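The values are calculated or read from the model by the stated rules, or taken from the named source; none is laboratory data. No experiment lies behind these values; they were computed from the predicted model shown. So basically every Cβ, Gly included, is an ideal-geometry build from the backbone, and we count neighbours across all protein chains shown. Just so you know, the surface numbers come from the protein's heavy atoms only, side chains and all, with ligands and any DNA or RNA stripped out. Shrake-Rupley method; radii C 1.70, N 1.55, O 1.52, S 1.80 Å.
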Amino acid sequence: YMGSNLQAAGRLFAVVETKPEIQDPPEPLSTPVRFDLQVRDLYFRYPNGEQALEGVSFDLPAGKRLAVVGMSGAGKSTLVNLLLRFWDYQQGQILWGGQDLRLYAQEQARSRLSVVPQRTYLFNATLWDNLRIAYPQASEEEIIHAARLAGIHDFIIALPQGYDTWIGEQGLRLSGGERQRVAIARALLRPADLFILDEGTANLDALAERQAFKSVLQVTT
């Protein structure tokens with residue numbers, strides 16, 4: 001037992017001591033005064049050599065909207081991960097408020113973005129808990145308002161335990177569309193300067209999708 005414990009401890013320390021791939025700058029910038037976004041000739045290649053982005057450029061002024069379209073595997077989610085500072089690009093620039101995104105601390109950059117991901121991650125907890133995780137300081141009224149905007153409130157209050165309902169591991173007690181609406185409510189609840197839907201309405205029907213976009217526009221304009 002001692003030998004296996006030492007081996008396990010060795011693996012644990014190796015993980016803890018591994019230097020993170022993404023490093024914060026020594027003196028990170030504070031939150032920008034303006035929130036326009038520019039992407040300039042952006043290139044990104046995965047460690048296995050696969051090219052994901054090649055020469056991507058666009059401008060997104062504050063208060064405006066932009067649709068990035070393309071086939072599955074075209075690099076849309078890769079772009080989102082670069083904006084969230086999960087990876088670093090090899091060439092080009094992402095400018096936020098006129099400054100290179102890499103000059104901000106990772107948490108600083110992420111705190112100003114609200115994302116509806118392709119895959120919704122839910123916890124084996126109540127609906128209250130799964131919504132509040134997006135913004136722990138939110139009041140019950142704010143959570144209910146976000147749920148209404150996402151079109152999930154009426155479904156929730158019809159449940160025997162309402163917002164106190166436990167939804168199971170990964171929200172298995174909810175349908176795909178219901179899980180997606182919870183994710184949209186989370187994103188609407190979170191204060192942010194940039195709102196991103198990464199195919200965030202993929203599990204909704206056409207009517208629900210239009211309502212979701214209407215709610216997003218209501219919050220972000």
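Just a few scattered comments:
- Residue selected from the range 1-59 under the condition out of contact with any Pro (no Cβ under 8 Å at 6 or more places or on another chain) and of a type in the set (Asp, Glu), by the criterion modelled with the lowest pLDDT: GLU17
- Of the numbered criteria (1) open to solvent by less than 60 Å² (accessible area, probe 1.4 Å); (2) in a helix (DSSP H, G or I); (3) touching an Asp or Glu at 6+ places or on another chain (Cβ under 8 Å), the one THR78 fails is (3).
- Residues that are within 22 Å of TYR43 (Cβ to Cβ), part of a helix (DSSP H, G or I), of a type outside the set (S, T, N, Q) and at pLDDT 85 or above, drawn from the range 99-109: LEU101, ARG102, LEU103
- In the range 87-98, the qualifying residues are those that are out of contact with any strand residue (DSSP E or B) (no Cβ under 6 Å at 6 or more places or on another chain) and surrounded by fewer than 18 Cβ atoms within 10 Å (Cβ to Cβ), and the one that is modelled with the highest pLDDT is GLY98.
- Top-ranked residue in the range 163-177 [being outside any helix (DSSP H, G or I) and touching a strand residue (DSSP E or B) at 6+ places or on another chain (Cβ under 7 Å); ranked as nearest to GLU140 (Cα to Cα)]: THR165
- Meets criteria (touching a Phe, Trp or Tyr at 6+ places or on another chain (Cβ under 7 Å) and small (Gly, Ala, Ser)) for GLY92: yes
- Only residues that are assigned to a helix (DSSP H, G or I) and exposed (fewer than 15 other Cβ atoms within 10 Å of the Cβ) were counted across the range 149-162, and they come to 4.
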